[in-house]
1. Take the Cα of Lys61, step 7 Å along the line toward its Cβ, and report every residue of region 36-55 whose backbone nitrogen sits under 17 Å from that point.
2. Under a cut-off of 26 Å between alpha-carbon atoms, report the lysines in cross-link reach of Lys73, not counting same-chain residues fewer than 8 places apart.
3. 5 Å is the cut-off here: which amide hydrogens, built 1.01 Å from N in the peptide plane, fall below it relative to Asp37, excluding neighbours closer than 5 in sequence?
4. Taking Lys75 as the anchor, which aspartates and glutamates have their alpha carbon closer than 13 Å to its alpha carbon, excluding any fewer than eight residues away along the same chain?
5. Principal axis lengths of the chain from Cα atoms, whole Å, largest first?
6. Among Ile49, Ile98, which comes first, second and so on when ranked by fewest other beta-carbon atoms within 10 Å?
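No value in this document is a laboratory result; all are computed from the given coordinates. Remember, predicted model here, so these are calculated numbers, not experimental data. So basically every Cβ, Gly included, is an ideal-geometry build from the backbone, and we count neighbours across all protein chains shown.
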Amino acid sequence: MYSWSKFGREAEYIAALYLKSIGWDVRLSPASRGPADIDANCDSSKWFIQVKASSGIPRLKGYEVKRLMELAKSKGGLPVVSTFQPFCGGFSTGNYSILFYVLDS
């Protein structure tokens, strides 16, 4: 049986592969339990990315945003939320799209 956690982890891989394909250096969180699922660097940009995958509207909890923003600030990077959901715009992977949102710090 296919699980939501497996779907979420695959979304992280897809987001990482997309960033890598456009020149970013990426590192996936080993257990996907921390504030950021992906650390990504390109030139002088440093992103700490939380990936949210959903068949509908992705859910983002306030404490997740707070932890992500604290991590990014402590490491001199930007907090970013990436959504992976049925295609509505953005980069398409078949029937799904990946969008990246840089959060205000």
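1. Once the point is set 7 Å along Cα→Cβ of Lys61, 36-37, 50-54 turn out to lie under 17 Å by backbone N, inside region 36-55.
2. Filter leaves Lys20, Lys46, Lys52, Lys61.
3. The answer is Ile49, Gln50, Val51.
4. List returned: Asp39.
5. 38, 30, 25
6. Fewest-to-most ranking of Ile49, Ile98: Ile98, Ile49.
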